[in-house]
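Written below as structure tokens is the structure these notes are about.
Values quoted throughout were computed directly from the atomic coordinates according to the rules given, and no laboratory measurement underlies them. Predicted, not measured: the structure shown is a model, and the values here were computed from it. Note that we place each Cβ from the backbone using ideal geometry, even for glycine, and neighbour counts take in every protein chain shown.
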Amino acid sequence: MTKPPPGDRTVKTLERVISKAGLGSRTEARSWIGAGRVRVNGKVIQTPDHWVDLERDRVTLDGKPVKPGRMLYILLYKPTGYITTYRDPEGRPTVYDLLDGVDSFVGTVGRLDQDTSGLLLLTNDNAFAERVTNPGHEIPKTYLVKTSTLLSEGDLERLRNGVELSDGPTRPAQVKRIRDSAKYTFIELTITEGRNRQVRRMIEAVGGKVLKLVRTAIGPIQIGSLEIGKWRVLADAERAELLGRPRI
């Protein structure tokens, strides 16, 4: 990528300008740019990393002006069986199939694997997404977990203190036993990291396996009574509370 021009001007790469306008993913933007469908000040630009001055340059896609999109913050109750990529070469359903009525491109804030359901945030605000997903900010994520075996109090204490995984020890977790059945334990587990399949690997570290996994909250935001497969816009107050900022 070339270096941005000097000075205090508001500049972004061309692919980012198109994506942030809500017209498509950055992958799609690169494809459109490479195909010669994008012009900057009337000149065809086929370099996705071309710097654009948002205050001075005129960008068009297929002759239509590219304008800044409004920021969107969406809460989706993801069902199992759906993946969180925009498109899947294997033809599996994605969470984007559920976003009827959303007219701008939004990216997922973190991931939920195919076999996990629950609260998923989507946005076109990259700063918000980074703030929520960066483990340094320690925003808690809460899950309901059904395990394949009965977990002892010792097992739960190990989870609370942190367990050793292949990529290092986990941070201490909050763990609450919901109930036990004849064969299974149901717990509420809250972590402040977001490693790949972390909850599943934590349960495996204490000798069990996850049979069902539902994310119920991210920070103070809860899935509440939202129906599975449905979405709603995140309220301004919810977003402010999640980021730990006073609402103005």
>> I want to check the label-to-label distance for ALA127 and LEU243. Put each point 7 Å from Cα in the C-beta direction and report it in nm to one decimal.
In response: 0.7 nm
> Taking 0.36 nm per intervening residue step and subtracting the Cα-Cα distance, what contour gain separates THR85 from ARG111 on full extension?
Replying inline: 8.5 nm
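Please arrange GLU90, GLU157, GLU241 by how many other C-beta atoms lie within 10 Å of their C-beta, fewest to most.
Working: GLU90 5, GLU157 11, GLU241 15.
By the 10 Å Cβ count, ascending, the order reads GLU90, GLU157, GLU241.
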> So how do ILE18, ILE33 line up by other beta-carbon neighbours within 10 Å, fewest first?
Replying inline: ILE33, ILE18
>> What are the equivalent ellipsoid semi-axes of the stretch 11-65, built from the alpha-carbon gyration tensor (square roots of five times its eigenvalues), in whole angstrom, biggest first?
In response: 14, 12, 10
> Once amide H atoms are placed 1.01 Å from N in the peptide plane, what residues at a sequence separation of 5 or more from GLY118, or on another chain, have their amide H within under 5 Å of its amide H?
Replying inline: LYS78, ARG215
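If R₀ is 22 angstrom, what is the calculated FRET efficiency for the pair GLU138 and MET71, using the beta carbon separation as r and rounding to 0.05? Present the calculation step by step, with values, prior to reporting the outcome.
Details: r = 24 Å, r/R0 = 1.09.
After rounding to 0.05, the efficiency reads 0.35.
Helix-derived [θ] at 222 nm for the chain: sum -39500 (n - 2.57) over DSSP H runs of at least 4, divide by residue count, nearest 500?
Details: 6 runs with 48 residues, N = 248.
That calculation yields -5000 deg cm²/dmol at 222 nm.
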>> If you consider only alpha-carbon coordinates, what radius of gyration and Dmax does the stretch 140-218 have, in Å?
In response: 11.2, 33
> Reachable lysines from LYS12, Cα under 29 Å, same-chain residues fewer than 8 places away excluded?
Replying inline: LYS3, LYS20, LYS43, LYS64, LYS67
>> To make sure I understand the rule: partners must be aspartates and glutamates, Cα under 12 Å from the Cα of LYS141, and not fewer than 8 residues away in the same chain. Which ones qualify?
In response: GLU188, GLU193
> Once label points are set 7 Å from the Cα along Cα→Cβ at both VAL44 and ARG92, what is their separation, rounded to one decimal in nm?
Replying inline: 3.9 nm
> Can you run phi through the Karplus equation (6.51, -1.76, 1.60; θ = phi - 60°) for the stretch 54-61 and list ³J(HN,Hα) in whole Hz, with x for Gly and Pro?
Replying inline: 5, 8, 10, 8, 10, 10, 10, 10
> Where the only charges are on Cβ atoms (+1 Lys, Arg; -1 Asp, Glu), what is the dipole of the chain about its Cα centre, to the nearest 20 debye?
Replying inline: 280 debye
> Tell me, in nm to one decimal, what length is gained between THR60 and LYS12 on full extension, where the rule is 0.36 nm per residue of separation less the Cα-Cα distance?
Replying inline: 15.8 nm
> Per 5 Å bin from zero, what fraction in whole % of the C-alpha pairs of the stretch 160-205 is there, up to the bin with the longest pair?
Replying inline: 5, 19, 32, 23, 12, 7, 2
>> Give me the base-10 log of I(q)/I(0) for the stretch 33-105 at each q in 0.27, 0.28 Å⁻¹, Debye formula, one uniform scatterer per Cα, rounded to two decimals.
In response: -1.16, -1.21
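Where the eigenvalues come from the Cα gyration tensor of the chain, what are the semi-axes √(5λ) of the equivalent ellipsoid, largest first, in whole Å?
On the way: eigenvalues 327, 68, 59 Å².
Calculated on Cα positions only, the semi-axes equal 40, 18, 17 Å.
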> Looking at the P(r) of the stretch 1-126, how many percent of alpha-carbon pairs lie beyond 25 Å?
Replying inline: 33 percent
